[in-house]
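The values are calculated or read from the model by the stated rules, or taken from the named source; none is laboratory data. Every value quoted in this text rests on a predicted model; they were computed, and no experiment measured them. Quick reminder, even Gly has a Cβ in these numbers, built from the backbone with ideal geometry, and neighbours come from all protein chains shown.
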Amino acid sequence: MPMLTKPRVLLPGATVGIAAPGGPVDPDRVEVGRALLEKAGFATWCRDDLIARSGYLAGDDDRRIDELMQLVCDPKIDAIVCARGGYGCDRILDRLDPEAFRAAAKPLVGYSDITALHLWQARQAGLAGIHGPMLEQGDGLDEVALQTLTEMLTGQAKLPMVLRGSGLVEGTAEGALVGGSLTMLAASIGTSWEVDTAGAILLLEDVGEPPYRIDRMLQQLRGARKLEGVVGVGFGDFSTCLDDRYGSRIDDVLADWIRPLGVPCVTSLPFGHVRFNHPWPVGGRATLDGASGEVHIVEQGVRIVG
């Protein structure tokens, strides 16, 4: 994948805008998460209609597009943290302005459905993002994960940042990090924001999908030839991907899929739909060690000026 432009570093007292580009948010959880961001030293701002609801969406498409573009274009907003994933980002991507995103170069933080926004940013704006915790976690937002996110946004992360899991396939790899929600990566195939995996370390996670559906999405990536340039694979949390009907184990599905690829792999990495959702920079350089079960992030996720 091509080198992406890093978003700008946050300075002390920076203002974080809160967006709901996907599913509807719980206002109480957002307020708890917002207070945690302010405790971490940021000012926060959100629109009054952040809590809008239209079925499974946080308001209609026009509202969510207008909110996101307002946060991107407003010079008083320094970064954007998403309140929730859910579903809805795919509906608005082709109506966003990539030139505005590129010019603003603001950190965009989120995971799950926000994976689609990260893919779109990378493809259409050439801009990196941050796969990390969102405000929907409320008081379940892990303090260490939030501290790590703060350090990443302010360019103070201690390198290398280490994600520790378990080794699955031995070997080492070095490349740019790409991935996120497996569901959203599979859904990107054939779109203008299709995931670019060339030379990348592919990080995958998902929630609530039975193993056969995980298998189907993995096979879709294989069939779309998205695995031919991958140099390594890291699995995050799949602990809720269970199947009482067939008795299939998700660990077996992941292992059966990865071994024929001939690339190093680690599993059980601390990111995804878990309390400790370790942030990582989309497009950031990293190394992967399939024996030790570790991923080492070796560069800052933001652009430090001066």
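Answer yes if at least one residue in region 233-254 is touching a strand residue (DSSP E or B) at 6+ places or on another chain (Cβ under 7 Å), among the small types (Gly, Ala, Ser) and either within 26 Å of residue 33 (Cβ to Cβ) or crowded, with 20+ Cβ neighbours inside 10 Å (or both), and no otherwise. Yes, that holds for at least one residue. Out of the residues in region 181-229 meeting the condition of being touching a helix residue (DSSP H, G or I) at 6+ places or on another chain (Cβ under 7 Å) and among the β-branched types (Val, Ile, Thr), tell me which one is farthest from residue 109 (Cα to Cα). My answer is 214. All conditions in (1) modelled with pLDDT of 95 or more; (2) within 28 Å of residue 9 (Cα to Cα); (3) touching a helix residue (DSSP H, G or I) at 6+ places or on another chain (Cβ under 9 Å) hold for residue 58, with the sole exception of (2).
Residues in region 238-248 include none that are aliphatic (A, V, I, L, M), in contact (Cβ under 8 Å) with a residue 12 or more places away in the chain, closer than 22 Å to residue 295 by Cβ and in the same structural domain as residue 172 (by TED's automatic domain parsing).
The set of residues in region 174-226 being β-branched (Val, Ile, Thr) and either closer than 21 Å to residue 297 by Cβ or not in a helix (DSSP H, G or I) (or both) consists of 178, 189, 191, 195, 197, 201, 207.
The single condition among (1) outside any loop (DSSP other than H, G, I, E, B); (2) within 24 Å of residue 281 (Cβ to Cβ); (3) in contact with a Gly (Cβ under 6 Å, 6 or more places away or on another chain) that residue 29 does not satisfy is (2). When region 271-301 is limited to residues that are β-branched (Val, Ile, Thr) and buried (at least 24 other Cβ atoms within 10 Å of the Cβ), the one that is nearest to residue 11 (Cα to Cα) turns out to be 282. When only residues in region 269-306 that are among the basic types (Lys, Arg) and under 17 Å from residue 126 (Cα atoms) count, which is nearest to the chain's Cα centre (by Cα)? My answer is 285. Answer yes or no: is there a residue in region 87-105 that is in contact with a strand residue (DSSP E or B) (Cβ under 8 Å, 6 or more places away or on another chain), within 23 Å of residue 277 (Cβ to Cβ) and touching a residue at least 60 places away in the same chain (Cβ under 8 Å). Yes, because at least one residue in region 87-105 is in contact with a strand residue (DSSP E or B) (Cβ under 8 Å, 6 or more places away or on another chain), within 23 Å of residue 277 (Cβ to Cβ) and touching a residue at least 60 places away in the same chain (Cβ under 8 Å). In region 85-99, how many residues are among the small types (Gly, Ala, Ser), within 12 Å of residue 60 (Cα to Cα) and out of contact with any Pro (no Cβ under 7 Å at 6 or more places or on another chain)? Total satisfying the criteria: 0.
Hey, any hits in region 14-22 for a residue that's closer than 26 Å to residue 286 by Cβ, in contact with a strand residue (DSSP E or B) (Cβ under 8 Å, 6 or more places away or on another chain) and either in a helix (DSSP H, G or I) or at pLDDT 95 or above (or both)? Scanning region 14-22 turns up at least one residue that is closer than 26 Å to residue 286 by Cβ, in contact with a strand residue (DSSP E or B) (Cβ under 8 Å, 6 or more places away or on another chain) and either in a helix (DSSP H, G or I) or at pLDDT 95 or above (or both). Exactly one residue out of 179, 190 is crowded, with 24+ Cβ neighbours inside 10 Å and assigned by TED's automatic domain parsing to the domain that holds residue 241, and it is 179. Cβ separations smaller than 8 Å between residues 6+ apart or across chains give the following pairs from region 55-66 residues that are farther than 13 Å from residue 90 by Cβ to residues that are part of a helix (DSSP H, G or I) and among the basic types (Lys, Arg): 58/64.
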